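Peer 1: Structure provided below as structure tokens; questions to follow.
Bear in mind that the values in this text are calculations on the coordinates, not laboratory data. Remember, predicted model here, so these are calculated numbers, not experimental data. Reconstructed Cβ throughout: ideal geometry from the backbone, glycine too, with neighbour counts over all protein chains shown.
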Amino acid sequence: MTEETLRGIAVVDVGATNSKIVLFDPSGKILAERKMASRHGKAPPYLSFCAKQLPDLDGIMPIDAIVPSAHGAAIACLAADGALALPVMDYMAEPPPDIIEAYRKIEPPFSEVFGPLLPMALTHGMQLFWEETAFPERFAKVTTILPWIQYVGFLLSGRPVIEIASMSCQSQLMDVRDNSFSSLARLRGWDKLFAPWAKAWDVIGPLKRQFRKDHFRGRGQVLAGIHDSSGNYLRYLAGGRQHFTLLSTGTWIIGFDTDTGITELDPKRDTVTNTDIFGRPVACCRFMGGREFEILSRGASAEAASFKALGELLAQETFALPSFTDTGGPMPGTGNKGHVSGPAPSNEEERSTLAALYCALMVDRSLAAVKSKGDIIVDGPFAKNPVFLSVLAALRPGQKILASQLRDGTTAGAMVLALMTETGKLPELALSLDEVNPLAQATVADYAEKWRRMTSEM
């Protein structure tokens, strides 16, 4: 970040469900963490959260760098005074049918943006079009547009910027082929409203006084920040991995594949691109695995899954068939059609096990859609689920499944930005990866073949 000795690094991660601040030392070791539930309201609750927790964490180690990180499915529209011209839209909002129909007529082609129109308000282009169409007077006051990630940085530092990974996560706002604004953004004139460009690792300004208090010891330099899943991918690049597929798991399971060409992607199977912080497009697959796990398990904890219950479910041929949300994924046409076929799970252990089995089957189809061939690294909550890992290993016999021991790859990846040089050179950081032993392959293969046949008949 700078030539000065770097001390504490605080990652401010504002998620749709939870917000947290994680304090790292320069070696990447976590020193402390503060967390709160994300709430929606007129005044962002994480502002008071940051105002309290950043000075407290600075007391543990002086905070020299602050890295914003957030999900990539929201965008902020500012008026001339820096206030929001419209509220930041919840990506779970449902656009009216007439808005969807009108947007379809101007939607840029997949061959340009490499991201189809997603359900709900998950697409940045749809959010802006909906706001512009439904609230023209308020939208006319917009002078600056920036992604949610950089909006967090703006609130902390006062300087609005945009960054390539955050702008390109299936937003339909960027032409992925050359990192220029998309035909849609130019058609609507939005391209003239975006904040200036910055690199993810650039310092955009000092932390505002309201977040420092009187005893703040660190330099408090705010970086441009990063989309959370792209940060996760960055952490493994810093670990020296070159040819691999990363499964960044949580509410969403996002697969990043280093070797598949973007011209091989199929929008019908939810294969898209993300662009890394260096401006390189990366072939990706998506599945809302964490959310579908919750729905299918009906609140059962992931830890309740067992190999004993798995054996029983396989033997009695209990199948969970897709999909339990309407958020895309590898099985087109199955949105909100998810159901259980065969004997229903009878207890928490079986519900959790069936959810893990189902997610492994779905992820296998996502990996097939993105033509994954190298080692598969699983990061996040699903890396701690032995049933999911062993079934996935059995489904992908030609590939190694490696479970990452990183506690939180998204915040660890965001932390990497503070350790980069001004020219963009990555630090070299060790990884701890455990190879997964597959479950009995023949048993899983027979079950998976029946599951695929049943899904195709849907």
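Peer 1: Over the chain, how many percent of alpha carbon pairs lie in each 20 Å bin up to the one with the longest distance?
Peer 2: 25, 56, 18, 0
Peer 1: Please give the FRET efficiency for residue 37 paired with residue 336, using the beta carbon to beta carbon distance and R0 = 30 Å, rounded to the nearest 0.05.
Peer 2: E between residue 37 and residue 336, to the nearest 0.05, is 0.70.
Peer 1: Relative to the present Cα-Cα distance, how much length would full extension add between residue 102 and residue 179 at 0.36 nm per residue of separation?
Peer 2: Between residue 102 and residue 179, full extension yields an extra 25.1 nm.
Peer 1: With the crude spin-label approximation of a point 7 Å out along Cα→Cβ, what separation in nm comes out for residue 400 versus residue 83?
Peer 2: 5.6
Peer 1: Considering all alpha-carbon pairs of region 8-224, what whole percent are spaced by more than 22 angstrom?
Peer 2: Percentage above 22 Å: 51.
Peer 1: For region 229-457, compute Rh as the Kirkwood radius over C-alpha pairs and then the Stokes-Einstein diffusion coefficient at 4 °C and 1.567 mPa s; write the answer in µm²/s, rounded to an integer.
Peer 2: It diffuses with D of about 73 µm²/s by this estimate.
Peer 1: Along the Cα→Cβ direction, 7 angstrom out, place labels at residue 442 and residue 242. What is the inter-label distance in nm?
Peer 2: For the pair residue 442/residue 242, the computed spacing is 3.9 nm.
Peer 1: Given a Förster distance of 56 angstrom, what is the FRET efficiency for residue 348 paired with residue 280, based on the Cβ-Cβ distance and rounded to 0.05?
Peer 2: 0.80
Peer 1: Work out, step by step, the length gained on full extension between residue 295 and residue 197: first 0.36 nm times the residue separation, then minus their alpha carbon distance; give nm to one decimal.
Peer 2: 31.3 nm
Peer 1: Reachable lysines from residue 141, Cα under 30 Å, same-chain residues fewer than 8 places away excluded?
Peer 2: Result set, ordered by chain and number: 42, 105, 192, 199, 208.
Peer 1: For region 156-308, what does the alpha-carbon gyration tensor say about shape, rounded, prolate or oblate, given a ≥ b ≥ c as the root eigenvalues, a/c under 1.5 as rounded, and a/b over b/c as prolate?
Peer 2: oblate
Peer 1: Between region 136-211 and region 423-447, what is the separation of their alpha carbon centroids in Å?
Peer 2: First find each Cα centre; the distance between them is then 34 Å.
Peer 1: May I pose another question? Extent of region 98-139 along each principal axis, from alpha carbon coordinates, in Å, largest to smallest?
Peer 2: For region 98-139, the Cα extents along the three principal axes come out at 33, 17, 17 Å.
Peer 1: Compute the distance from the alpha-carbon center of region 117-131 to that of region 280-295, in whole Å.
Peer 2: Using only Cα atoms, the two centres lie 18 Å from each other.
Peer 1: What's the FRET efficiency of residue 25 with residue 47 using the Cβ-Cβ distance as r and R₀ = 25 Å, to the nearest 0.05?
Peer 2: 0.45
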